[in-house]
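*Asks:* Questions regarding the structure given below will be posed in turn.
The values are calculated or read from the model by the stated rules, or taken from the named source; none is laboratory data. Bear in mind the structure is a predicted one, so any value in this text is a computation, not a measurement. In this analysis, Cβ positions are derived from the backbone assuming ideal geometry, glycine residues included, and neighbour counts consider all displayed protein chains.
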Amino acid sequence: MINSRSIIKKIEAAGLVGRGGASYSTAQKWAVVKAALKNKKSGYIILNGAEGEPGVKKDGYIINHYPAEVIAGLYLADQFLGTAKIKKVYIFLNQEYYKKYSAGLKVILERPKYKFLEAKTEFFVKPERLAYISGEESALLNLIEGKKVEPRLKPPFPAESGLYDQPTLINNTETFYNLSLAVKNKYRDTRFYTIDGAVKHSGVYNLAANLTIEAVLRQTNNWPTSLFFVQAGGAASGEVLNSHQLERPVEGAGSIRVYDLSSTVGKKLFQSWIKFYQEQSCGKCTACREGTYRLAELVSSPTYDDGLFWEIVDNLADSSFCALGSSLPEALRSYVNNLKK
Amino acid sequence: MQFKIDDKIVEGREGQTILEVARAQGINIPSLCYHPDLDVKANCRVCLVEIKGRHKLVTACSTLIQPAMEVYTTSPRVSAARRLNLELIIAEHTKKCGDCLILPDCQLLQLAQEYQVKTNRLTERKTLRQTYRFGSAVEVDGSQCIDCQNCVEACARQGINYLKIKGSGSNQEVMPSRDSTAACVYCGQCTLHCPVSAAQEQVAWPEVEKILKDKSKVVIAQFAPSIRVSLGEEFGLPYGENCEGQIITALKKLGFQEVLDVNFGADITTMVEAEELLARLRDKRAAWPMMTSCCPSWVSYVEFYHPELIPNLTTARSPHIHLAGALKTYWAKQQGINAKNIVVVSIMPCTAKKEEARRPELSLNGQPLVDYVLTTRELAYLIKKAKIDFKNLVPSTNQSLFNSGSGAAAIYGASGGVMESALRTAVSLVNKESQNKIFDNRLEFTEVRGLQGFKEAKIQFPGQRLKVGVINGLSNFSLLLPKLKDYHYIEVMACPGGCIGGGGQPLPTTKAICEKRIAGLYKIDKSRIIRRAHENTAMQTYYQWVKDNHLSFQLIYTKFKKSNGSLVKSVVNKKSIFTQLFK
């Protein structure tokens, strides 16, 4: 029998934080959902495994290699929150992961121990479009409810009033994996790094969470021999760092993309980042919907207006509705600040 | 709790937003997508403010106040963000200012000036989007849309869900639903909640302006009960102030030869309603409950969504159709004018009336009874365009053969008004018939008044108690539907609050404003000597004339039929003239 107090203590002791990018304390989130459930009829658990951020592939890797741990994590959450109250468990995957890895998860779910869990678990496959924004917790809720995919005003937070206004626990795949380890006292403060770009050994690696970017690249034998720069923490929203700035851990999403300095054309890179954001913008707020549209227009315009370009970038950072809109400036500004100055 | 706005200590209650407190304090924070009756969406990003200690700017409409919070509404950072978001929004909105109804009060234009927005850096990006026209009532012009989503919410709040957002990001667009189980009922609530007039009525003012110059025509204006307490708002008069006198003067100045008050027609509608109620009570096979039919949007709703309830609708025509019929027959004969030369223009708080006027059964000798319908907004626009100083006009009195109706007619503009008027007459008639006993001889039925979406009352009639229900806001009809058979008589007005909240009313229309308009109507009712429709002798004279001449089916009654949906036309927009001039 699992004791919910001991679960939360172990999660706390392991110091687990969200792995979706926001790094929020997992123990705290669980406690909020549990408290909210006291006054509500039912609740939901959602496994967010629909990586929308380019350059991040670890959810698929984890589900592929550790399906038993992932399901064990879901099981723990269900037990902790009170299985009678949890109406449904959603495993939210993108098309690719669903096709490749859902069978593996289903096999685990068929184990007798998980019979009740299997009965209420539903796979939810992310549509091709709006891949990025539907990873945002509240937009994901709208997607499941069949509403327009866009972020909700917070508060209320999903933990208190989420899917169909009921308390909803949303955790990343990696968090569920870590949970199962933490409860067995096997969590060793590691995280999954996705490394790609101009490297010899791209892939997903499970290494210490506090490693510097340089150490990650060296330990995986990926330290480039020619001049390079990286984008860490997502290949869309991540910060661009030059090769002398790598004595720091990866922030946000655990990814490092390496670019070859001499062959990378800045304008092309800008165009690809902006295009990604323009296509992924949900359309809700002016700053992001119009801002990304205008940046895309400007960056390819023969009469490029630098002043206007950066005004729009600053405005995205300052006045967009959600974190998606305000994350594009990070890449653009850091590229200029860290490579061009 | 206390907190600071621009270094000034202000007081607010827990649960209030920064915008609410600021506006109560007279601190100006601009907004476009915010509407007090709708969900806070925080889409437009114009009401941004800065809070000390917070990383990003926040929207005042969505941010709850906190003790000791320090808010800045005019900092350079705030101004820069507002200015840029306005620039982005203005470049979405294809400027068709030349004939735009709301230009005199255009918020975009005013904000562009206030924030010195640079309007020449970005090109209008939506010029080639389509306009969707619904019947002859409402249109949504995608080339002018600023993506606030208010129209979609207004439509959903009506329970219609006909307007949908298709696509996402910069490609998203408001479009009619492709679902064949949804249809536009022309209520115009979308137009009432659009901050930039992208959703608007299909205007008739250009044709009216033209016909006013045609000397071979006798052009007559007739104005609805509710517009007398709302039109003044367009000219800075207090909410709910009765300006029927100025309206008559203004319409005369615009060139209308005669100006009539639809209240007279409302008394006819009441007469027919009351008689029909009594007739149904005598008829064992009658369909129950009887339901009002003077709201054309509600009629469209029944004809599409609940055709099985068509027999329940009263056969009474709506007030402006009655009066137009009287004008083109009785009045024309008296004046010796050929009805063909009479042009009737109704001024209505409503967009659905435009569609109603096109109904083939509401015509005479192949000509529509009502030739054109203008909304309250369109009349305001014409008055402004003609540079008439409405506020200072000398009020005129109704000089027409058809008087300004009873007090019961005045309250037609408020939800519950038709019911109350019909009950006033019905109880009087029934008490006269039964002679001996007075059952429920009330004049005022206050239970059916007010903004509540669903109201009911019980009235003692000879031998039975009548249960009546009053609905305003179409979505509230679903509350009544399961227990429909418990009722004898139902009034439904499609728009929240009734016609005072109609789709053709001035912007903004909010619940708080509606309450003041309603109060204005009941004040008129109280001031009238005659407060029951059947006591209007001029109306009775006409009513008798119709009966004596066997014209009831041409002039008094109407009919309804099942509909398969609303007519949608999509129109491809060309580059606006405005844009062409400036490029």
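*Asks:* Hey, B:T94 hits all of (1) within 11 Å of chain A (Cβ to nearest Cβ); (2) under 17 Å from A:E290 (Cα atoms) but one; which does it fall short on?
*Replies:* Of the numbered conditions (1) within 11 Å of chain A (Cβ to nearest Cβ); (2) under 17 Å from A:E290 (Cα atoms), the odd one out for B:T94 is (1).
*Asks:* Further, regarding this structure: If a residue must be free of Cβ contacts under 8 Å to residues at least 24 places away in the same chain, of a type in the set (S, T, N, Q), touching a helix residue (DSSP H, G or I) at 6+ places or on another chain (Cβ under 9 Å) and more than 19 Å from A:A215 (Cβ to Cβ), how many such residues does region A:225-278 contain?
*Replies:* Result for region A:225-278: 1.
*Asks:* Next up: Can you find even one residue in region A:124-137 that is of a type in the set (V, I, T) and modelled with pLDDT of 95 or more?
*Replies:* Within region A:124-137, not a single residue is of a type in the set (V, I, T) and modelled with pLDDT of 95 or more.
*Asks:* Collect the residues in region B:169-184 that are of a type in the set (S, T, Y), out of contact with any Lys or Arg (no Cβ under 8 Å at 6 or more places or on another chain) and closer than 14 Å to B:G159 by Cα, keeping them in residue-number order.
*Replies:* B:T181
*Asks:* Which of the residues spanning region A:91-105 are surrounded by fewer than 23 Cβ atoms within 10 Å (Cβ to Cβ) and in contact (Cβ under 8 Å) with a residue 12 or more places away in the chain?
*Replies:* A:N94, A:Q95, A:E96, A:Y98, A:K100, A:Y101, A:S102, A:G104 - these are the residues of region A:91-105 that are surrounded by fewer than 23 Cβ atoms within 10 Å (Cβ to Cβ) and in contact (Cβ under 8 Å) with a residue 12 or more places away in the chain.
*Asks:* I'd like to know if region A:133-140 contains one or more residues that are farther than 23 Å from A:Y97 by Cβ, crowded, with 20+ Cβ neighbours inside 10 Å and either away from chain B (no Cβ under 14 Å) or over 20 Å from the mean Cα position of the chain (by Cα) (or both).
*Replies:* Initial filter on region A:133-140 (farther than 23 Å from A:Y97 by Cβ): none.
So far as region A:133-140 goes, no, none of its residues is farther than 23 Å from A:Y97 by Cβ, crowded, with 20+ Cβ neighbours inside 10 Å and either away from chain B (no Cβ under 14 Å) or over 20 Å from the mean Cα position of the chain (by Cα) (or both).
*Asks:* What helices (runs of 4 or more DSSP H) completely inside region B:139-223 contain at least 3 residues that are closer than 19 Å to B:K354 by Cα? Let's see the steps before the verdict.
*Replies:* Working: elements: B:150-157, B:189-192, B:205-212.
Per the criteria, B:189-192, B:205-212.
*Asks:* Of the residues in region A:54-74, how many are crowded, with 24+ Cβ neighbours inside 10 Å and not small (G, A, S)?
*Replies:* Of the residues in region A:54-74, 8 are crowded, with 24+ Cβ neighbours inside 10 Å and not small (G, A, S).
*Asks:* Answer yes or no: is there a residue in region B:466-473 that is assigned to a strand (DSSP E or B), at pLDDT 95 or above and among the small types (G, A, S).
*Replies:* Yes: region B:466-473 contains one or more residues that are assigned to a strand (DSSP E or B), at pLDDT 95 or above and among the small types (G, A, S).
*Asks:* Please enumerate the residues belonging to region A:158-206 that are more than 18 Å from the chain's Cα centre (by Cα), crowded, with 16+ Cβ neighbours inside 10 Å and not in a loop (DSSP other than H, G, I, E, B).
*Replies:* The answer is A:L163, A:S180, A:L181, A:A182, A:V183, A:G197.
*Asks:* If we only count helices (runs of 4 or more DSSP H) wholly inside region B:356-436, which ones have 2 or more residues that are under 23 Å from B:A538 (Cα atoms) and not basic (K, R)?
*Replies:* B:407-410, B:417-434
*Asks:* Separate question: Mind listing whichever residues of region A:12-33 are in a helix (DSSP H, G or I) and either touching a Phe, Trp or Tyr at 6+ places or on another chain (Cβ under 7 Å) or more than 17 Å from A:I170 (Cα to Cα) (or both)?
*Replies:* Within region A:12-33, A:E12, A:A13, A:A14, A:W30 qualify.
*Asks:* Next question. Name the one entry in B:V138, B:V78, B:V117 that is within 22 Å of B:Q25 (Cβ to Cβ) and at pLDDT 95 or above.
*Replies:* After ruling out the rest, the residue left standing is B:V78.
*Asks:* Hey, another quick one. Listed residues B:S197, B:S136, B:S230; which is in contact with a Pro (Cβ under 6 Å, 6 or more places away or on another chain) and within 27 Å of B:L251 (Cβ to Cβ)?
*Replies:* Numbers: B:S197 fails: in contact with a Pro (Cβ under 6 Å, 6 or more places away or on another chain); B:S136 fails: in contact with a Pro (Cβ under 6 Å, 6 or more places away or on another chain).
The match here is B:S230.
*Asks:* Could you tell me which of the residues B:C184, B:C148 is over 16 Å from the mean Cα position of the chain (by Cα), crowded, with 24+ Cβ neighbours inside 10 Å and not charged (D, E, K, R)?
*Replies:* Just a single option satisfies the conditions, and that option is B:C148.
*Asks:* Being modelled with pLDDT of 95 or more and part of a helix (DSSP H, G or I) narrows it down to one residue among B:R517, B:R531; which is it? Give the derivation first.
*Replies:* Working: B:R531 fails: part of a helix (DSSP H, G or I).
After ruling out the rest, the residue left standing is B:R517.
*Asks:* Sort out which residues of region B:38-54 are more than 9 Å from chain A (Cβ to nearest Cβ) and either surrounded by fewer than 18 Cβ atoms within 10 Å (Cβ to Cβ) or at positive phi (or both), and write them in order of number.
*Replies:* B:L38, B:K52, B:G53, B:R54, listed by residue number.
*Asks:* Also, quick follow-up: Which pairs have Cβ atoms under 8 Å, sit 6 or more apart or on different chains, and link a residue in region B:145-163 that is within 12 Å of another protein chain (Cβ to nearest Cβ) to one that is of a type in the set (D, E)?
*Replies:* Within 8 Å, the pairs are B:C145/B:E92; B:C145/B:E173; B:I146/B:E92; B:D147/B:E92; B:E153/B:D39.
*Asks:* Does B:E273 fit the bill of being charged (D, E, K, R) and in contact (Cβ under 8 Å) with a residue 40 or more places away in the chain? Before the answer, list the steps.
*Replies:* Details: charged (D, E, K, R): yes; in contact (Cβ under 8 Å) with a residue 40 or more places away in the chain: yes.
Taking the combined requirement at face value, the residue satisfies it.
*Asks:* Working only within region B:128-138, note down all residues that are in a loop (DSSP other than H, G, I, E, B) and surrounded by fewer than 24 Cβ atoms within 10 Å (Cβ to Cβ).
*Replies:* B:L128, B:R129, B:G135, B:S136
*Asks:* I'd like the full set of residues that are at the interface with chain B (Cβ under 9 Å from one of its Cβ atoms) and either in contact with a Leu (Cβ under 7 Å, 6 or more places away or on another chain) or crowded, with 18+ Cβ neighbours inside 10 Å (or both), limited to region A:299-320.
*Replies:* Answer for region A:299-320, where residues must be at the interface with chain B (Cβ under 9 Å from one of its Cβ atoms) and either in contact with a Leu (Cβ under 7 Å, 6 or more places away or on another chain) or crowded, with 18+ Cβ neighbours inside 10 Å (or both): A:D305, A:L308, A:E311, A:I312, A:N315, A:A317, A:D318, A:S319, A:S320.
*Asks:* If you don't mind, another one. Right, B:R442: assigned to a loop (DSSP other than H, G, I, E, B) and charged (D, E, K, R) or not?
*Replies:* yes
*Asks:* So is A:A323 surrounded by fewer than 23 Cβ atoms within 10 Å (Cβ to Cβ), modelled with pLDDT under 95 and facing chain B (nearest Cβ under 10 Å) or not?
*Replies:* Yes.
*Asks:* Residue pairs, Cβ under 7 Å, 6 or more apart or interchain, first in region B:123-143 and touching a residue at least 24 places away in the same chain (Cβ under 8 Å) and within 14 Å of another protein chain (Cβ to nearest Cβ), second assigned to a strand (DSSP E or B) and crowded, with 23+ Cβ neighbours inside 10 Å. List them.
*Replies:* The qualifying pairs are B:G142/B:V174.
*Asks:* Also, quick follow-up: Counting only residues that are part of a loop (DSSP other than H, G, I, E, B), β-branched (V, I, T) and touching a residue at least 60 places away in the same chain (Cβ under 8 Å), how many does region A:51-90 have? Full working, then the answer.
*Replies:* So the first thing to find is which residues in region A:51-90 are part of a loop (DSSP other than H, G, I, E, B), and the list is A:51-57, A:66, A:82-85.
Within this subset, residues satisfying the condition of being β-branched (V, I, T) are A:56, A:83.
Subset that is touching a residue at least 60 places away in the same chain (Cβ under 8 Å): A:56.
Looking only at that region, the number is 1.
*Asks:* Please work out which residue is nearest to the chain's Cα centre (by Cα), limiting yourself to region B:101-141 and to residues that are small (G, A, S) and closer than 30 Å to B:I388 by Cα.
*Replies:* Among residues in region B:101-141 that are small (G, A, S) and closer than 30 Å to B:I388 by Cα, the one nearest to the chain's Cα centre (by Cα) is B:A137.
*Asks:* Please verify whether region B:337-348 includes one or more residues that are hydroxyl-bearing (S, T, Y) and closer than 24 Å to B:G498 by Cβ.
*Replies:* To start, the set of residues in region B:337-348 that are hydroxyl-bearing (S, T, Y) comprises B:346.
Next, only the ones that are closer than 24 Å to B:G498 by Cβ stay: B:346.
So far as region B:337-348 goes, yes, one or more of its residues are hydroxyl-bearing (S, T, Y) and closer than 24 Å to B:G498 by Cβ.
*Asks:* Let me ask something additional. Please work out if A:T292 is modelled with pLDDT under 95 and within 11 Å of chain B (Cβ to nearest Cβ).
*Replies:* Values: modelled with pLDDT under 95: no; within 11 Å of chain B (Cβ to nearest Cβ): yes.
Considered against the rule, which asks whether it is modelled with pLDDT under 95 and within 11 Å of chain B (Cβ to nearest Cβ), A:T292 comes out as no.
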